[in-house]
Amino acid sequence: MNSPTIINIILAVVLAVAGYFLLPVIAANLEPNLALAIGLLLGGILVPIISTQFSGESSSVEVQADDENSKTLYVGNLPYRANEQAVQQHFELQGQVHSVRLMKDRRTGKRKGYGFVEMTSAGAEKAIENLNDSEFQERTLKVRMAKDKVEE
């Protein structure tokens with residue numbers, strides 16, 4: 001799970017304060033400390049949801065991956081208009097997808113036409129077999145196992 005950002009912390013505090021002041025008004029017999037606890041609980045539940053909705057990043061469902069049972073695939077020749085969710089849905093037909101990362105140019109923010117899909121080992125094998133050289137949004141995909149990043 002991602003570490004909390006300043007925005008997440010601020011949102012949690014705002015929800016906690018709102019809970020502290022509003023919940024006693026709504027339920028006259030509620031203890032202020034209980035209202036604070038409920039506000040913090042709501043903050044812990046709602047803040048991650050709110051922050052992903054308002055962040056500039058594309059979000060994809062990330063499932064806890066068992067390193068031994070997951071593989072990362074390189075996916076090349078992706079359409080520039082394809083987003084993480086479309087790629088995820090396409091690959092989920094082959095097996096469980098843990099994450100999708102589409103590479104972008106740092107300067108322009110435009111997609112580069114390739115990315116990485118992390119999925120179960122069985123799903124990865126099936127994806128290579130079924131999706132390599134297949135059509136996706138009018139482009140012919142190149143799907144293979146990703147190479148380990150070499151540090152220099």
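Rule-based calculations on the coordinates, nothing more; no lab input. Everything numeric in this text was worked out from a predicted model, so none of it was measured. Here the Cβ is made from the backbone with ideal geometry for all residues, glycine too, and neighbour counts use every protein chain on show.
Report, by chain and number, residues whose modeled amide H sits under 5 Å from the one on Lys112, excluding near sequence neighbours (fewer than 5 apart, same chain). The answer is Met103, Lys104, Asp105. Straight-distance candidates among the lysines for linking to Lys142, with alpha-carbon spacing under 17 Å and chain neighbours fewer than 8 residues away dropped: Lys71, Lys112, Lys126.
Sorting 108-116, 85-93, 125-133 by average packing, meaning the other beta carbons within 10 Å per residue, from highest down gives 85-93, 125-133, 108-116.
Here the 3J(HN,Hα) profile of segment 132-146, calculated from phi with Karplus coefficients 6.51, -1.76 and 1.60 at θ = phi - 60°, is 5, 6, 9, 7, 9, 6, 6, 10, 8, 6, 10, 10, 7, 5, 6 Hz, Gly and Pro shown as x.
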